[in-house]
Amino acid sequence: MKFGEKTREVRAAALALLTYVACAVLVLQHLWADPQGRMFADNGQDQIFFEWVLTHAARLFTHGDNPFFTDQLNAPAGVNLMANTSVLGLALPLAPITLLFGAGVTLVLMDTIALAGTAAAWYFILSRHVVTSRVAAYVGALFCGFAPSMISQSTAHPNIAGQFLIPFIVWNVLRLREPGPVLRRGLILGAVVLYQCFINEEILFLTAVALFVFLVAYLRPREYLPAVRSALPALLVGGVAAGALLAVPLYHQFFGPQAYHGLPDFVHGFSSDLASFKEFSRRSIFAPDDLSTIDKMGGPTEENTFFGWPLIGLMLAATVALWRHRAARALIITAALFAVLSLGTTIKYKGRETSWHGPWKWVHELPLFDSVVPTRLGLVLAPLIGVLLALLVDRYVMGAKALDPAKSTESDGSAGTVGSPHPTDTPDDSTETADTPGGAIGGREPAPAGVLLAEESASPDSSEGAVDVKTDIRRPEAEETTPASRWLWAVALIVALVPLVPTPQPASPRSAIPAFFATGTWRAEIPENGVVVALPLGWWEGLDAMRWSTENDLDFRVAGGYFLIPNEDDPEKSAVFNAKVRPTMELINTVAGDGTVPQVTPDQVAQAKTDLAYWQADALVLPDQHANSEAVRQTADQLFGPGKHVADVWIWKITH
C-alpha cells in the first residue's frame, strides 16, 4: 500500500472512531452529565450490580480479594462471581478509574467503550477485508455498534453490548483455512477467546454457534472435511492455550462454591415476539408514543429484534439481490435461523402465546444452550445485518467494481487471495482454477483498501482457500450500475436506517442512601468486614444494601443482594435470583408491606436467633426513610431487643 493511501486509510479510521465515540456519548449523555448522581431510568438494578462488581474488582488491588468468589455479598454463603457477570475483562483494566472517580464513572465509560468500540472493531474488519468503500464499512459498522439491540443492551448491560472482540474472533476463525503459521494463528485466536470469556461467555457462545451455522451454509458439503483438516491444528493450539489459562476460572464457575446449572425457569420464557421485528424500539426516533404495545413484546433492556418494517423490507430486497452469492446467502440463512430460534420454545405474537412451538424447544435443554436467554439469540442479527448493509452500500450505492489484477500489484503487493491476485472483472461466469484459490477474509496479508468485489468462483476446487466476502460476492456486470439504481438503493437505505437513529438513554437521580452510611458513621457502630442485614430484606432492600456497600468500598459484608446462586431446595442446583428468604424476614417483610405490628411469639423469637446465627449478623439496619419503618421497628424490637437510633437509621447490634 502506498504511503498516501495508507495515510488516507488512517485518517478515515480515526474519523470513524471519533464519530462512533461521539455517537456513544450522545446516547449516554444523561449519564455522563452526572455519573455519580444519576442512574439508568430503565434498569437501576443491573447498574447497582455492575457498580458493585466494579468496586469489587478495584478491591483486588487494594485488599487482594478473590476475583472469582466473594462473601462480601450474600453473607455468609457468598456469590460465585465467575457464574455471575463479573466482567473482569473490563473491570480490572478500568480499576484505576473506579478507585479515582467511583464506579458510576467507570460504568458509563464502560458502556461508551462497548458501543463505540464495537462499531470501531467492525469498521476495521469491514474496511480491510470485506468491502472496498470506506463509506460502506462505516455504515455497516455504525449499525453493528448502534443497532436497536445494542442500544437496548447498553441499558446497564455493558457485558452484552461490549462486543468489540467479536469481529476479531470471527476474522481469526474464518482465515484458519489458509496456509500460514499454525502456532501464531492458534495463539492469537486463543487470546481473543480468552479475553472475551472475561467479558461475557454468552456472547462468545452465540458467536461460536453463529460461525458454525454460517460455515455450514457457506461451504459445499465436499468442502467440510478439508476445511476441518485445515483449521483443526490452529484450533487445537488456541483451545489448549485458552483452556490452560481458563482451567481455574471455569472450575470455579462450574464446580466451585455457589456454582449452579442452567437458568431460572422463568428466564427461559424471555423470548422475542414474532411481531417485534417490524416494530421500532423505544430508543429510536420513530418510537411509538404509546409504549404499551411494545412493552408486551419485551422490556427496555431486551429489545433485540426491534428493527422496524422498513429495514425488514430492505433485508428482503437484499435477499433477492444477493441470494446467488455464497457468502451473502450464508449470512442471510444464519440471520433467518437465529431470528426463528430467538422466538423461544413457544412463539408469542403481540405479547400472547400462540399454539406454535419454536425450534428452540428441541435444543434449549442441551448443555450450554440451557444457559442462553432465548431473546438474546436475536443479538446475532445485528452484526449479520450490519455486514449485509456494508455489502449493499459497497455494491449498489458506491458501485464497486472488480479490481484489475495489474493494478492490484501497484500497492504493497498484498492480495485478498492466497498466492494469487484478485480475479479479473470479467463479464462471463469464468471461474478460478485450482491454482488460484479464493482468498480468505483477509489473506496472509491484509487486502489493500482498493480491492473491489470480484465474481464468485464456481470451480469445484476454487474454495480450498478460506472464506472471502470480497472474492465470493460478485457485482453482476450488467446490473445495478446505473446512477438511477444507485440512488434508488441509497434512498431505500436512508428510509430503513434513519428511523432507527437512537435517542439518549433516560436517566433519573439516584435516591439518597442513609447518612449513616454516606458519612461513614457506621464505622463507629459496625466492625470492619462485619455482616449487615437490611431490614426488611426484600428484593429492593437487598439492592439498597449493595449501594451502601459500594459507597463504602465494600468494607462491610451484606446479607442478601442481587445475584444468581444455586437453589438450595433443588438437588440439581438450578439457578435462582437472590438467597432464600428466612422465616424472620418473611415476618418482617409482611409488616413492611401492610404496616401492621403483630404480637411476636416465643417461637418467632427463637427462629430470629436461628436466622441471626445463619447470617452471622453483626448488625441489623432499618433506614428511617423506609415505608412503614415504625411498624418494622416495633416488630424488630420484639424479635431482637431494643434498637438504637443513629443518624437516620435504627440499628440492632448483635453480640456473638
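The values are calculated or read from the model by the stated rules, or taken from the named source; none is laboratory data. All figures in this text were calculated on a predicted structure; none of them were measured in a lab. Every residue, glycine as well, gets a Cβ built from its backbone with ideal geometry; the counts of neighbours run over all protein chains shown. Each accessible area value is taken on the protein alone, full model and side chains, heavy atoms only, with ligands, DNA and RNA left out. Shrake-Rupley method; radii C 1.70, N 1.55, O 1.52, S 1.80 Å.
Here are the numbers for the structure shown:
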quantity	calculated
Qualifying positions in the range 551-585 - closer than 16 Å to Ala617 by Cβ, assigned to a strand (DSSP E or B) and open to solvent by less than 20 Å² (accessible area, probe 1.4 Å)	Val558
Scan of the range 43-69 for residues that are modelled with pLDDT of 95 or more and of a type in the set (Asp, Glu), ordered by number	Asp46, Glu51
Residues of the range 281-310 satisfying the condition of being β-branched (Val, Ile, Thr), modelled with pLDDT of 95 or more and open to solvent by less than 10 Å² (accessible area, probe 1.4 Å)	Thr305
Count - residues of the range 509-523 that are assigned to a helix (DSSP H, G or I) and either touching a strand residue (DSSP E or B) at 6+ places or on another chain (Cβ under 8 Å) or open to solvent by less than 20 Å² (accessible area, probe 1.4 Å) (or both)	4
Neighbours by Cβ (under 7 Å, 6+ apart or cross-chain): first from the range 571-595, closer than 27 Å to Leu263 by Cα; second open to solvent by less than 60 Å² (accessible area, probe 1.4 Å) and among the acidic types (Asp, Glu)	Arg582/Asp611; Pro583/Asp611
Contacts under 9 angstrom Cβ, first residue in the range 30-53 being part of a loop (DSSP other than H, G, I, E, B), partner surrounded by fewer than 19 Cβ atoms within 10 Å (Cβ to Cβ) and of a type in the set (Phe, Trp, Tyr), 6 or more apart	Pro35/Phe101; Gln36/Phe101
Members of the range 54-81 found to be part of a helix (DSSP H, G or I) and aliphatic (A, V, I, L, M), listed by number	Leu54, Ala57, Ala58, Leu60
Among the candidates Leu107, Leu126, Leu115, Leu142, residue that is surrounded by fewer than 24 Cβ atoms within 10 Å (Cβ to Cβ), modelled with pLDDT of 95 or more and either in contact with a Cys (Cβ under 9 Å, 6 or more places away or on another chain) or not β-branched (Val, Ile, Thr) (or both)	Leu142
Test result for Ile169, of a type outside the set (Phe, Trp, Tyr), buried (at least 24 other Cβ atoms within 10 Å of the Cβ) and outside any loop (DSSP other than H, G, I, E, B)	no
Odd one out for Glu303 among (1) charged (D, E, K, R); (2) in contact with an Asp or Glu (Cβ under 9 Å, 6 or more places away or on another chain); (3) not in a loop (DSSP other than H, G, I, E, B)	(3)
Test: residue in the range 205-221 that is basic (Lys, Arg), surrounded by fewer than 19 Cβ atoms within 10 Å (Cβ to Cβ) and in a helix (DSSP H, G or I)	no
Within the range 38-66, tally of residues that are open to solvent by less than 10 Å² (accessible area, probe 1.4 Å) and of a type in the set (A, V, I, L, M)	4
Among the candidates Pro96, Pro76, residue that is without any contact (Cβ under 8 Å) to a residue 60 or more places away in the chain and either surrounded by fewer than 24 Cβ atoms within 10 Å (Cβ to Cβ) or of a type in the set (Phe, Trp, Tyr) (or both)	Pro96
Matching residues in the range 594-643 - criterion: being within 39 Å of the chain's Cα centre (by Cα), loosely packed, with under 14 Cβ neighbours inside 10 Å and of a type in the set (Gly, Ala, Ser)	Ala627
Any hit, the range 224-237, residues being in a helix (DSSP H, G or I), open to solvent by 50 Å² or more (accessible area, probe 1.4 Å), in contact with a Leu (Cβ under 7 Å, 6 or more places away or on another chain) and closer than 29 Å to Val501 by Cα	no
Checking Gly180 against (1) at pLDDT below 95; (2) within 26 Å of Val380 (Cα to Cα), the condition it does not meet	(2)
Answer from Pro233, Pro226, Pro221, Pro249 - the residue that is free of Cβ contacts under 8 Å to residues at least 24 places away in the same chain and not β-branched (Val, Ile, Thr)	Pro221
